[in-house]
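Here is the structure we will look at.
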Amino acid sequence: MSRGLLYSFLFHTLVIYLTMLTLPFMMREPIDLPPIVSVELIEIKDKTYIPFAPKARKIIEKVKEEKKRVVSEQALPAAKAKEKPDRIPMPEDKKETKELIKKKQNPEEIKPQIRQASEFEKEELFDTNEIAALIDKAKEEQAETQRKKDELTQSSVKNSFAQGLSLSEEDALRAQIFGCWSVPLGLPYDKDLLVRIKLKLKPDGRILKSEILDHARMNVPGQSFYKILAESALRAVRICQPLKVPPTGYERWKELQLNFDPTEMLKG
Amino acid sequence: MRKILLTLSLLLFFYNNAYGLITVDITRGNLDPLPIAVSPLHVDPKSEKISQFKTEKLGEEISKIVERNFKSTGLFNPLKKDAFVQKPDIAHLKPRFEDWRLIKAQALVTGKLLIKDKKLKVEFRLWDLTAAKEMVALSFTTTPNNWRRVAHIISDKIYERLTGESGYFDTRIAYVSETGPKNQRIKKLAIMDQDGFNTKYLTLGNELVLTPRFNTTNQLVTYLSYFKNMPRVYLLDIETGIQEVVGNFPGMTFAPRFSPDGKKIIMSFAKDGNSDIYSMDLETRVVEQITKHPSIDTSPSYSPDGKYITFNSDRSGLQQIYVMRSDGTQVKRITHGAGLYGTPVWSPRGDLIAFTKVRKGRFYIGVMRSDGSGERLLTENFYQEAPSWSPNGRVLIFYRETKSDSKGKGFSAKLWSIDITGYNERRLKTETDASDPSWSSLLSK
């Protein structure tokens, strides 16, 4: 009897615990949406620095040297360069905290939640500290592997988002595809014109496999425009290859999803 | 127990980690013309010889027409044939896609033709070179004299397949052919293929003709001609050549236009200096007065669903464009800009209204949405008017007159076309001077 009660109690606490863990995840999503925009805003400011870090630094230095050669008194570029390291941490700090909230991969971020949970459970005369500790450990392990991955894939120290492309990388890719995509002009403005294409890429940016995600829509009667649109998007990707993907971090972008939507363009 | 809990909680975290796919939004593209290679059609050596034209050249001629059609749209860039990597006899083979991609072609048209038993059989295939697959393949059989139309139909099918909207190449244009000095113009009703070929004159030129308008459902034309010095609306069947006066009105009737279903004619009817808009059922000949206003209401045009009518009126003092329900209720002024607005024509797509605008002595052809918003002036000139839509609502055809001196020298009237982006303006070649064009619907539907 008492054992049954214990099991029941155990089970219920587990359910409550799991709910507490998962609920914030679910609830956070809509709340998360506006912050995503603000994160982007910060990054735009940041963008001028981040992308220039690995490649452009060399170029900037080259230019600096050249300028030095030409005008010896011109100390301006050097001053700018000095300013840089001071400036960078500012947005980066902000960004890091936001990233933490968004991705929940850092043990520090999760811990308070777990502690809360365990305190709650202490009151219930049941010690789940061990579980919490285990989870913490698991979390740490995961974060560690994530860090390792970061080290492996990111030469730039500044890139704090382990997944996803940086804005500049994304911009480069986007600009490239803009140029390749001949938009069919006979599309209806008032219909859903979103074509999602999933790509598997080779390390050199060439396409291994492409797939239209809403393939079923291609053959819906009265939606013939969709097929034409999807084909044009596929053509764009194929003409563009090799895609301008970052030179490193193949694991990150070996699978890409491109969302083609000409609505804005056609209306504008 | 502990293990289960551990796995459960681990699973939870790994689930959270699963949203790793990078997505990139592509919201813009280019509007550069699509590079397309039109290979000359392969002529079957077994083809019969026909006296009117050189059979062996027919394949090349058809491909030239297709190319010219594409070029005129501004949406395609037909590639030069010298650069072609394969000969026309690839019609029954798969093309070598990689080779064609080398010359930057994105689409390829191949085909073949055979004349047998006095029938012309044409086959064509459209290839997507980047995806290395066939997009469309069709074959047509017709009398050899129809070879130009076959070329236009092929163009339409390819256009439709690549742009998603229907084509407008297998169409005709009715217009008023003008010859002679400015003060003694001889005006005849004429009709030609959309590319300027096969011109035919439908009237003799002893009476003035004006404003021919195609019926969108068949090959009937309504136009204005003078009868005892009074303008009257006529109907003409192009195929049979039979013409008749529409109704017997005491005053003058003008600016006729068909309803979208082709069963009615809408026009202006003037009595005692006041003109209003009337519609007439072509079967029952019942006439209905639509506007009743002391001002001059004219140039009516139906919306493609037939529910609304746009027209111009000077009821506000200056000539402006109005929209009303087709029964004449809910009249609403839609233009408010400076200048005069006239000749509104509703696009066959229904989204736009084309018009002529006069401001500070200059003439503009423009388009706006059917509520009057989003006005865009496409072209400006000394004198131009009477826009008419292509059946797919992408291109407008109109006429333009040049300035002449006091003796009427230097005067000319030509047909021009412009697409709704305003970037692709072209002159249409006609045998004589031309005005008042009207575009037919697709001949083959």
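Take the Cα coordinates of the stretch B:33-163, assign each an equal point scatterer, and use the Debye formula without solvent to give log10 I(q)/I(0) at q = 0.10, 0.12, 0.17 Å⁻¹.
Relative scattering, expressed as log10 I(q)/I(0), comes to -0.28, -0.41, -0.82.
Once you put a point 7 Å from the Cα of B:N183 and another 7 Å from the Cα of B:E239, both along the Cβ direction, what distance in nm separates them?
If labels sit at B:N183 and B:E239, their model points lie 4.6 nm apart.
In what sequence, highest mean first, do A:168-174, B:418-424 appear when ranked by Cβ atoms within 10 angstrom? Could you put the intermediate results ahead of the total?
Working: A:168-174: 19.0, B:418-424: 16.7.
Highest to lowest by the protection proxy: A:168-174, B:418-424.
Can you give the net charge of the other residues whose Cβ lies under 14 Å from the Cβ of B:L235, counting K and R as +1 and D and E as -1?
Summing Lys/Arg as +1 and Asp/Glu as -1 gives +1.
Which percent of the accessible heavy-atom area of chain B goes to carbon and sulfur, probe 1.4 angstrom? Please report the intermediate quantities before stating the final value.
On the way: 10720 of 20710 Å².
Carbon plus sulfur share of accessible area: 52 percent.
Which entries of A:K267/B:K104; A:K244/B:K80; A:K209/B:K94; A:K202/B:K80; A:K58/B:K104; B:K71/B:K104 have Cα-Cα distances beyond 24 Å here? Intermediate values should be presented prior to the final figure.
Values: A:K267/B:K104 29 Å; A:K244/B:K80 30 Å; A:K209/B:K94 22 Å; A:K202/B:K80 34 Å; A:K58/B:K104 35 Å; B:K71/B:K104 17 Å.
Checking Cα-Cα distances, A:K267/B:K104; A:K244/B:K80; A:K202/B:K80; A:K58/B:K104 exceed 24 Å.
Please compute the modelled spin-label separation between A:A175 and A:L6, points set 7 Å along Cα→Cβ, answer in nm with one decimal.
Each label point is offset 7 Å from its Cα along the Cβ direction, giving 6.7 nm.
For a quick protection proxy, order the peptides B:235-242, A:194-201 by their average other-Cβ count within 10 Å, most packed first. Intermediate values should be presented prior to the final figure.
Values: B:235-242: 13.4, A:194-201: 18.1.
In decreasing order of mean packing, B:235-242, A:194-201 become A:194-201, B:235-242.
Please report the net charge: other residues with Cβ closer than 9 Å to the Cβ of B:V24, K and R +1, D and E -1.
On the way: positive: A:R174; negative: A:E170, B:D25.
Around B:V24, the charge tally is -1.
Relative to the longest principal axis of chain B, what angle (0 to 90°, nearest 10) does the C-alpha long axis of helix B:55-73 take?
So the helix axis and the longest Cα principal axis differ by about 80 degrees.
In peptide B:278-284, what is the residue-averaged number of other protein chain Cβ atoms found within 10 Å of each Cβ? Could the numbers behind the result be given before it?
On the way: counts 0, 0, 0, 0, 0, 0, 0.
Whole-number average of other-chain Cβ neighbours for B:278-284 is 0.
Separation between the B:N229 and B:E61 pseudo-spin-labels, each 7 Å from Cα along Cα→Cβ, expressed in nm?
Label at B:N229, label at B:E61, 5.0 nm between them.
Quick one: net charge of B:V358's neighbours, Cβ under 15 Å, K/R +1, D/E -1? Could you put the intermediate results ahead of the total?
On the way: positive: B:K357, B:R359, B:K360, B:R362, B:R400; negative: B:D314, B:E375, B:E380, B:E385, B:E401.
So the surrounding residues net to 0.
Roughly how much accessible area, to the nearest 100 Å², goes out of reach of solvent when B and A pair up, both sides summed, probe 1.4 Å? Walk me through the numbers before you get to the answer.
Working: alone 23100 and 18220 Å², together 36750 Å².
About 4600 Å² of accessible surface is lost on pairing.
Starting from 0 in steps of 5 Å, tell me what percent of the Cα-Cα pairs of the stretch B:64-107 lands in each bin.
Reading the bins upward from 0: 5, 20, 26, 26, 18, 6.
Once each part is reduced to its C-alpha centroid, what is the distance from the stretch B:24-47 to the stretch B:179-223 in angstrom?
35 Å
At a 10 angstrom cut-off on C-beta neighbours, averaged per residue, how do the peptides B:168-175, B:116-123 rank from highest to lowest?
The packing order, highest mean first, is B:168-175, B:116-123.
Given a 1.4 Å probe, how much area per residue of the stretch B:172-439 is accessible, in Å²?
On the way: 11960 Å² over 268 residues.
The answer is 45 Å² per residue.
For B:R285 and A:E66, what does the FRET efficiency come to when R0 = 51 Å and r is the distance between their Cβ atoms, rounded to the nearest 0.05? Don't jump to the answer; show the numbers that get you there.
Working: r = 87 Å, r/R0 = 1.70.
Step by step, r from the Cβ atoms, then E = 0.05.
Between A:N219 and B:L93, what FRET efficiency follows from the Cβ-Cβ distance if R0 is 30 Å, with the result rounded to 0.05?
Values: r = 28 Å, r/R0 = 0.93.
Here the calculated transfer efficiency is 0.60.
Between B:N198 and B:S412, what length in nm is gained on full extension when 0.36 nm per residue of separation is reduced by their alpha carbon distance? Don't jump to the answer; show the numbers that get you there.
On the way: separation 214, 0.36 × 214 = 77.04 nm, distance 2.19 nm.
The B:N198-B:S412 span can extend by a further 74.9 nm.
Which shape class applies to the stretch B:172-439: rounded if a/c is under 1.5, otherwise prolate when a/b exceeds b/c and oblate if not, where a ≥ b ≥ c are the square roots of the Cα gyration tensor eigenvalues? Don't jump to the answer; show the numbers that get you there.
Values: a/c = 1.34, a/b = 1.08, b/c = 1.24.
It is rounded, given that a/c, with a ≥ b ≥ c, falls under 1.5.
Using the crude model of +1 on Lys and Arg Cβ and -1 on Asp and Glu Cβ, and no other charge, please compute the dipole size for the stretch B:172-439 relative to its Cα centre, in debye to 20.
Once rounded to the nearest 20, the dipole reads 700 debye.
The values are calculated or read from the model by the stated rules, or taken from the named source; none is laboratory data. Here the structure is a predicted model, which means the values were calculated and not measured. As a convention, Cβ positions derive from the backbone with ideal geometry for all residues, glycine included, and neighbour counts pool all protein chains shown. Note: areas computed on protein heavy atoms with side chains; ligands, DNA, RNA excluded. Shrake-Rupley method; radii C 1.70, N 1.55, O 1.52, S 1.80 Å.
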